[in-house]
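Remarks on the structure that follows.
Throughout, read-outs are computed from the coordinates displayed, never taken from laboratory work. None of these values were measured; they are calculated from a predicted model. For neighbour counting, all protein chains shown are included, and Cβ atoms are generated from backbone atoms with ideal geometry for every residue, glycine included.
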Amino acid sequence: MASTTNLAAGMPPDLVVRGKRVVTPEGERAAAIHVRGGVIEAVGRLEDVPAGAAVHDAGELVVMPGIVDTHVHINEPGRTEWEGFSTGTRAAAAGGVTTLVEMPLNSIPATTTAAAYREKHAAAAGKLWVDAGFWGGVVPGNTAELRTLWDAGVFGFKCFLVPSGVEEFGFVGEAELRAALPELVKMGAPLLAHAELPGPIDAAAKKIANTGDVAKRYRTWLASRPREAENEAIALLGKLAREYGARVHVVHVSSSDALTALRETKAEKVGVTVETCPHYLTFAAEEISDAATEFKCAPPIREAENRDKLWQGLRDGTIDFIVTDHSPCPPAMKLQEEGDFMRAWGGIASLELSLPSVWTEAHRRGYAVPRVAAWMSEGPARLAGLGHRKGAIAAGRDADFVIWDPDATFRVEQERLHQRHKLTPYAGRELRGVVETTFLRGRRIFDRGEFSASPIGQVLERGAV
Ligand SMILES: [Zn+2]
């Protein structure tokens, strides 16, 4: 991997990015990354800089593979007023995210047919500041579409086991999953599942007297989405993954109670993978003020004790990686004045803040930078089948880098974020880790607050990458 034998001969590379702290799959070291045609040609010693090559010297800053975020809601076409390819991917570039894979719901149409996929593709063209691919959806009645969606270029399929929040994207139960999974197994496609079941949520609703100020209290929202809903859904998914030999990925796990079952399932070599999100690793239910609906998401942010167990799940590999579930909406839908948790739109916007939010907490808990790269770049790239191109600084991969200062801190000023709507629960928070420069396929797309002249991101299609 670190071979330097081919570096001396021939033309100089287009670009050398070098620094004292380059994060490679073998760990962090001083290195010079040679880039040709947007791809990493070699990772050599720090002093291997051929005459005539353009050099970006990162000095003492960390040079990490660009972040890969496989859980992003862009909502275009159809709900572009919520977010959009232009604003969403600018936020990504500013946050060091160089690849995202977009969720099939909240846009209209939802990406549940090949025709809708083509609309999505057309809507993204010319607007991408980073590379982006798409997930398809498994919804009631679209089993016959799955193969054409897969052939069209989606990287896998998302489903909900509870109502999704939008009517165009219906939820599925065990019967629909039993219809879809054999198709997905034939393709080798992963199923990404929002893992909450309706039963425990319906039961919880009966116990909540939704009167007076009750809906303003965070603990009401928390009680309405009990851990059992997640635990039971994850048990069902494990069972089906085992039975069909399917690849099943649990998105945004929040209930730490489910980790024991996940640990056991994974130990049996069943094809289950797991993600969690920065907000579950950062915030705690006890600290969320009444009416602070910017913290609303599903499954909910749980107690501090639960958060510590999620970190333990990352430490021991039960949780494979961290992605944002960036899901903004117009601020009015958050009902900030009423502060009604039960009626406000659920979703947390954090795409631009994912690296500093995770690093702040990871650093506090004693983790080193390479672990963060494994959680935020390598792991998500593997889920999408992009591991041969994205997620690592190694020869043959795309020259996607985030160059950042792990010791600098900043206070989140939400007006300075690049997402369309600025509301975020991180507002005012002091975070550690400042993104300085982002490279996409060897080109500098973001540098200390400035973007490149035009968006150079590409639509990534399975089969073509
Ligand atoms: Zn989501």
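Data for the structure
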read-out	value
The lone exception for Val162 - which of (1) away from the ligand (no atom under 14 Å from the Cβ); (2) touching a residue at least 40 places away in the same chain (Cβ under 8 Å) it fails	(1)
Residue match in region 177-194 (condition: touching a residue at least 24 places away in the same chain (Cβ under 8 Å), of a type in the set (Asp, Glu) and away from the ligand (no atom under 16 Å from the Cβ))	yes
Region 34-49: number of residues that are out of contact with any Gly (no Cβ under 9 Å at 6 or more places or on another chain), assigned to a loop (DSSP other than H, G, I, E, B) and either small (Gly, Ala, Ser) or surrounded by 17 or more Cβ atoms within 10 Å (Cβ to Cβ) (or both)	2
Set Ala394, Ala349: member being in contact (Cβ under 8 Å) with a residue 12 or more places away in the chain and more than 14 Å from Pro278 (Cα to Cα)	Ala394
Failed item, numbered, when Ala123 is tested on (1) touching a residue at least 60 places away in the same chain (Cβ under 8 Å); (2) more than 16 Å from the ligand (Cβ to nearest atom)	(1)
Options Thr438, Thr360, Thr409; residue that is among the hydroxyl-bearing types (Ser, Thr, Tyr), surrounded by fewer than 24 Cβ atoms within 10 Å (Cβ to Cβ) and touching a residue at least 60 places away in the same chain (Cβ under 8 Å)	Thr360
Neighbours by Cβ (under 8 Å, 6+ apart or cross-chain): first from region 201-228, within 20 Å of Glu294 (Cα to Cα); second of a type in the set (Lys, Arg) and buried (at least 18 other Cβ atoms within 10 Å of the Cβ)	Trp221/Lys296; Leu222/Arg302
Failed item, numbered, when Ala189 is tested on (1) part of a helix (DSSP H, G or I); (2) within 24 Å of the chain's Cα centre (by Cα)	(1)
Ala93 vs. criteria crowded, with 24+ Cβ neighbours inside 10 Å, farther than 26 Å from Phe439 by Cβ and more than 15 Å from the ligand (Cβ to nearest atom)	no
Region 240-267, residues that are under 21 Å from Gly137 (Cα atoms), in a helix (DSSP H, G or I) and touching a residue at least 40 places away in the same chain (Cβ under 8 Å)	Leu240, Tyr244
Options Glu275, Glu352, Glu305: the member that is of a type outside the set (Gly, Ala, Ser) and within 15 Å of Arg429 (Cβ to Cβ)	Glu352
Residue under evaluation Trp345, criteria (1) more than 17 Å from Ala233 (Cβ to Cβ); (2) surrounded by fewer than 21 Cβ atoms within 10 Å (Cβ to Cβ); (3) away from the ligand (no atom under 16 Å from the Cβ), criterion not met	(3)
Condition check for Glu287: among the charged types (D, E, K, R) and buried (at least 22 other Cβ atoms within 10 Å of the Cβ)	no
Scan of region 316-333 for residues that are buried (at least 18 other Cβ atoms within 10 Å of the Cβ) and either more than 16 Å from the ligand (Cβ to nearest atom) or not charged (D, E, K, R) (or both), ordered by number	Thr318, Ile319, Asp320, Phe321, Ile322, Val323, Thr324, His326, Ser327, Pro328, Cys329
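Each row is one residue, and each column tells you yes or no for (1) closer than 16 Å to Lys120 by Cα; (2) more than 12 Å from the ligand (Cβ to nearest atom); (3) within 13 Å of the chain's Cα centre (by Cα); (4) among the polar types (S, T, N, Q).
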position: Pro65; (1), (2), (3), (4): no, yes, no, no
position: His73; (1), (2), (3), (4): yes, no, yes, no
position: Trp82; (1), (2), (3), (4): yes, yes, no, no
position: Ser86; (1), (2), (3), (4): yes, yes, no, yes
position: Pro104; (1), (2), (3), (4): yes, no, no, no
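Table: residues versus (1) closer than 25 Å to Ile301 by Cα; (2) among the small types (Gly, Ala, Ser); (3) assigned to a helix (DSSP H, G or I); (4) under 20 Å from the mean Cα position of the chain (by Cα).
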| site | (1), (2), (3), (4) |
| --- | --- |
| Gly339 | yes, yes, no, no |
| Arg343 | yes, no, no, no |
| Trp359 | yes, no, yes, yes |
| Arg371 | yes, no, yes, yes |
| Ala381 | no, yes, yes, yes |
| Gly385 | no, yes, no, yes |
| Asp407 | no, no, no, no |
| Arg420 | yes, no, no, yes |
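Yes/no matrix, rows are residues, columns are (1) under 23 Å from the mean Cα position of the chain (by Cα); (2) part of a loop (DSSP other than H, G, I, E, B); (3) more than 16 Å from the ligand (Cβ to nearest atom); (4) on the phi > 0 side of the Ramachandran plot:
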residue: Gly199; (1), (2), (3), (4): no, no, yes, no
residue: Thr220; (1), (2), (3), (4): no, no, yes, no
residue: Glu232; (1), (2), (3), (4): no, no, yes, no
residue: Gly238; (1), (2), (3), (4): yes, no, yes, no
residue: Lys269; (1), (2), (3), (4): no, yes, yes, yes
